[in-house]
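The values are calculated or read from the model by the stated rules, or taken from the named source; none is laboratory data. Because the structure is predicted, anything quoted here is derived from the model rather than measured. No Cβ is skipped: glycine too gets one built from the backbone with ideal geometry, and neighbour counts run over all protein chains shown.
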Amino acid sequence: MESEAYRGGCACGALRYEIAAEPLMSGHCQCRDCQRDSGTGHASQMAFPLAAAKISGEASFWHKAADSGNIIARAFCPTCGSPVYSTNPAKPDLIFIRAASLDEPARFRPQMVVWTRSGQGWDIIDPQLPRFDTMPGF
């Protein structure tokens, strides 16, 4: 039996997605780019197969070189500014959805914390989750 599709989008509803797959990874990223993009100590994300994602609406993109040298494309709504998803050329078959953009954010189940070497002391995340100084392969 397949689970229900993951649905979500931006705050104003202009940018939406539906993903008919289970996440391949879910976790918190404490890199400085995710801190700045989220406005707090980390970004919570889920990776899905790109082929399973249907995007509706127009996204604006901000392209930024990651510590790895890859250019990350961060998609956000041009109307309300909400960050919704990102893509990474090192993982071209994946889409990374912001957990807060889910219609049902309680479906997010973090498995790890990455880029902890950039973490802030005030950003308290479940200490039982596996932690990685950088981003491991998955």
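Of the strands (runs of 3 or more DSSP E) lying entirely inside the stretch 1-84, those carrying at least 1 residues that are touching a strand residue (DSSP E or B) at 6+ places or on another chain (Cβ under 9 Å) and of a type in the set (G, A, S) are 6-9, 25-29, 43-49, 53-56, 60-65, 71-76.
Can you tell me which residue is modelled with the lowest pLDDT among those in the stretch 85-95 that are in contact with a strand residue (DSSP E or B) (Cβ under 7 Å, 6 or more places away or on another chain) and buried (at least 16 other Cβ atoms within 10 Å of the Cβ)?
N88
The C-beta contact set for the stretch 24-47 (first residue within 11 Å of D123 (Cβ to Cβ), second residue of a type in the set (S, T, Y) and not in a loop (DSSP other than H, G, I, E, B), distance under 6 angstrom, 6+ apart or interchain) comprises H28/S44; Q30/T116; Q30/S118. Return a yes/no flag: does the stretch 109-116 have any residue that is touching a residue at least 24 places away in the same chain (Cβ under 8 Å) and over 17 Å from L24 (Cα atoms). Looking through the stretch 109-116, at least one residue is touching a residue at least 24 places away in the same chain (Cβ under 8 Å) and over 17 Å from L24 (Cα atoms).
Each residue in the stretch 109-118 was checked for being touching a Gly at 6+ places or on another chain (Cβ under 6 Å) and either within 20 Å of E58 (Cβ to Cβ) or not in a strand (DSSP E or B) (or both), and 2 of them qualify. Residues in the stretch 85-108 that are under 14 Å from G8 (Cβ atoms), assigned to a loop (DSSP other than H, G, I, E, B) and among the hydrophobic types (A, V, I, L, M, F, W, C): F108 only. Does the stretch 111-133 include one or more residues that are in contact with a Phe, Trp or Tyr (Cβ under 6 Å, 6 or more places away or on another chain) and at pLDDT 95 or above? No: zero hits. Quick check: is even one residue across the stretch 96-107 more than 19 Å from R32 (Cα to Cα), out of contact with any Gly (no Cβ under 7 Å at 6 or more places or on another chain) and surrounded by 12 or more Cβ atoms within 10 Å (Cβ to Cβ)? Yes, the stretch 96-107 has at least one match.
When S56 is tested against (1) of a type outside the set (D, E, K, R); (2) surrounded by fewer than 19 Cβ atoms within 10 Å (Cβ to Cβ); (3) farther than 17 Å from E104 by Cα; (4) at pLDDT below 95, only condition (4) is not met.
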